[in-house]
Every structure is written in C-alpha cells, then in structure tokens.
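Please treat every number below as a calculation from the coordinates, not as lab data. Since the structure is predicted, the reported quantities are computational estimates derived from the model, not experimental observations. Methodologically, a virtual Cβ is constructed for each residue, glycine included, from the backbone with ideal geometry; neighbour enumeration extends over all protein chains shown.
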Amino acid sequence: MGVRLCCVCLNVGLSLSLSLSLLLAGCDDGRPVLVEATGRVLLRGAGVTAGSIVFHPDAGNAFQGDAPSSQLQLDGSFLMQTYPWGEGVAVGRYRVTLSPQLAARLGLAEYSDPTKSPLQVDVTADGLRGHVIELPAAAGVQQGKGGKR
C-alpha cells in the first residue's frame, strides 16, 4: 500500500507541475526585458540637478510603452526606471529630453521636446552604465548666481 500511495502522489505532483508550467508559459504580462541605464547629466563639468531626464523610445523600438525616466540627483546622476516595471530600460534607441522646467532654466527649451532634442542614446543588451550627457557650454544663460543648474 505504501508503494502504491507513493506512485499516486508522484503522479499527482507531476500533473500539477506540468499544469502549472503550461499555465505560466501561456501568460504574457507584456513585461519588457529591462537592462541597467545609468549616467550623469553635466553642464561645464558640474552635475545638473533639480529636474528629470526622459528616454523616449525611437519609432523602431520593440518597446513602445511609457517612456523611462529618472530624477536627477545632486551630482547630476540618474538611474532610469520604466513604469510600472522597475529599474532599467528596454534595449533600443531613445531620444533623450530634460524636464521642461529644467530645459527652460538652462536656456535649452528644445531639449524638452523629443522631436527637437539632439540628445539620443543606444541601449544594448549589456545596458548603459555611467553614460555622460554633457550639455552645450552655451547653456545656462538664464541661470543666476548661486542658482541650481
């Protein structure tokens, strides 16, 4: 009886495992594969802060969901996040913009418009680590003494 009970348990366990595997294989929640994307935004070698950066997917990208974004930290660093999936971005080409308030403050209004911004990045399967975006030296004309960049 003990051997027979074990065989029944084994058969039930295998059936449940197979059913669960088939169920999970059939589920596609649309979650993109994300890779790390970090870096810094600089102006005259100093970190730009008090704003955000956005990666707008190029028309040819497989991922066309919400544009990944990040708040700029005090040193100008960023860690991109793709809502609602978490840290990272999908592989592909992106047009990069600054938040409208930040771009205006720096005298770079076109940098807030994805159709006009000259900034772009290519994110590979290896990710984008420590990418530096140096804004043009002519920027910052509206910045007062002691003002945030």
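Observations, loosely collected:
- Highest to lowest packing among 112-119, 84-91, scored as the average C-beta count within 10 Å: 84-91, 112-119
- For SER77, residues with placed amide H under 5 Å, excluding near neighbours: VAL41
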